[in-house]
Structure formats: structure tokens, C-alpha cells
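Data first, discussion second: the structure below is written as C-alpha cells.
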Amino acid sequence: MKQLKEYTIKFVGLKEGKHCFEYQIEKKFFEDFEYDEYNDANVLAKVILNKKTTLLELNFNISGTVNVNCDLTNEPFDQKIINQFDLVVKFGEEFNDENDEILIIPHAEYEINIAQYLYELIVLSVPSKRVHPGVADGSLKSDILKRLEDLSPKDIKENDKEETDPRWNILKKLLTDK
């Protein structure tokens, strides 16, 4: 992964208080992470940095779409995503990112790169099972869907049921004869 310089926030010259940063994230962003699950992306990320005397508070908000392939039909569609994440940056002796919500950076640092946090937030916002909205409402017409329907198990009719073993009936009686 390359160090994405445009996602570096230099906080040393900023006044105390809130500062807003906006990023338009497209497919190129994911290519830099060598992540090829998305056909395209159009995500707006708003990062609010609240600088305090002893720490930094970062609030990440993302919204937009990523173009993915449906898991059932392999048809591409735009998956809407929206998510938010809060991160507290403290200053300490050495770098420590073991906690998901607290980042400790050395006292000498003057900037922070947020690309990894944006990447993880977007990837985790996309559902693990991606189903085209047309599959759910029946508006998508696809050869794959037709084939899946033909191969799906048919409902068993009452007349086609096999008779149950009479021994089970005797055992069921034991439950009701208490």
C-alpha cells in the first residue's frame, strides 16, 4: 500500500476547536490498497477533527455508493453505504494502535494519515452478502435467476409425503400419555 498523502492531516498548525475535512473517494483509492472487490466507488467522507490541548478527536462520516457484483446473479449494482466512526488520538511515548477507538502517537508527531481508517470504514460498511435490489422485488430478469429457479427444490405436496414409521407414533404417544 502506498502512503496516500492527500489523506494526511497536519494538526500542528491548527487552532483548538473543530476543523472539517472532506474527501471524495473513488475506485483509485481502493486500487492503492490493492483491493479489487469494487467495480467503482463514489463515496463522500467527512472528517471532523476536534483539536483539544491534550488529544485529538476524529469523527468519520461516510455516505455514497460502491458498485459491486451480486452474489446470486453476478450482475453489477450500486450498493448504498452509510457509516460513522469515532477515533481518539492521544500522545504518548510510542506509537500504539492496539485499541480500535484510541490511537496513541509519539509526542513529536505533527500529522496523522487517516487513509487506513477510511478504507476500513468503507469496506466494513458493505454487507457481506450482496444481493441486487432487483432480486428481492422481482424486477431483475436474468438467465442466472431463471436457471436457479429451475434447479431449486420443489415443494413437497401432502399426497407425496411418505407415511411415517408407525414406531414414531407409538413414541409420540408416550409424550402425551403422562
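Every number in this text was worked out from the coordinates using simple rules, so none of it is lab data. Since the model is a prediction, treat every value here as computed from it, not as a measurement. Note that we place each Cβ from the backbone using ideal geometry, even for glycine, and neighbour counts take in every protein chain shown.
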Where Rh is the Kirkwood radius over Cα pairs, Rg/Rh for the chain:
1.28
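Taking chymotrypsin sites (Phe, Trp or Tyr not before Pro) as exposed when DSSP calls them loop (any state but H, G, I, E, B) and at most 12 other Cβ atoms lie within 10 Å, what is the longest stretch of the chain free of them, the sites themselves excluded?
Values: sites that count: F95, Y110.
Of all site-free stretches, the longest is 1-94.
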Roughly how many nanometres apart are two label points built 7 Å out from the Cα toward the Cβ at V88 and N113?
2.6
Pop the C-beta distance of Y35 and K141 into the FRET formula with R0 = 45 Å and round what comes out to the nearest 0.05.
0.90
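Mean residue ellipticity at 222 nm from the helices of the chain, using -39,500 (n - 2.57) per DSSP H segment of n ≥ 4 over the full residue count, to the nearest 500 deg cm²/dmol? Can you show the working numbers first?
On the way: 5 runs with 42 residues, N = 178.
-6500 deg cm²/dmol, from helical runs alone.
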Measure up K46/K90; K28/K90; K18/K90; K52/K80; K27/K129 against 27 Å on the Cα-Cα distance and list the ones that go over.
K28/K90; K52/K80
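Sequence gap at least 6, Cα distance under 8 Å: using those rules, report the relative contact order of the chain to the nearest whole percent. Kindly include the intermediate steps, with their values, before the conclusion.
Details: 266 pairs, mean separation 32.0, N = 178.
With pairs under 8 Å counted, the relative contact order is 18 percent.
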If I fit a long axis through the Cα atoms of helix 166-176 and take the longest principal axis of the Cα atoms of the chain, what angle between them do I get, 0 to 90°, rounded to 10?
70
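Counting only GluC sites (Glu not before Pro) that sit in a DSSP loop (anything but H, G, I, E, B) with at most 16 other Cβ atoms within 10 Å, what is the longest stretch of the chain containing none of them? Kindly include the intermediate steps, with their values, before the conclusion.
On the way: sites that count: E16, E34, E37, E93, E94, E98, E101, E109, E162, E163.
In short, 38-92.
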Folded to 0 to 90 degrees: helix 115-125 orientation relative to the chain principal axis, Cα
20
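Looking at region 5-147 only, what percent of DSSP beta bridges run antiparallel? Nearest 5 please.
Numbers: 41 of 46 bridges.
The antiparallel fraction comes to roughly 90 percent.
Give the residue list of trypsin sites (Lys or Arg not before Pro) in region 20-56 that are DSSP loop and have at most 16 other beta-carbon atoms within 10 angstrom. Write out the running numbers ahead of the final one.
Numbers: sites: K27, K28, K46, K51, K52; in loops: K52.
Counting only loop positions with at most 16 other Cβ atoms within 10 Å, the trypsin sites (Lys or Arg not before Pro) in region 20-56 are K52.
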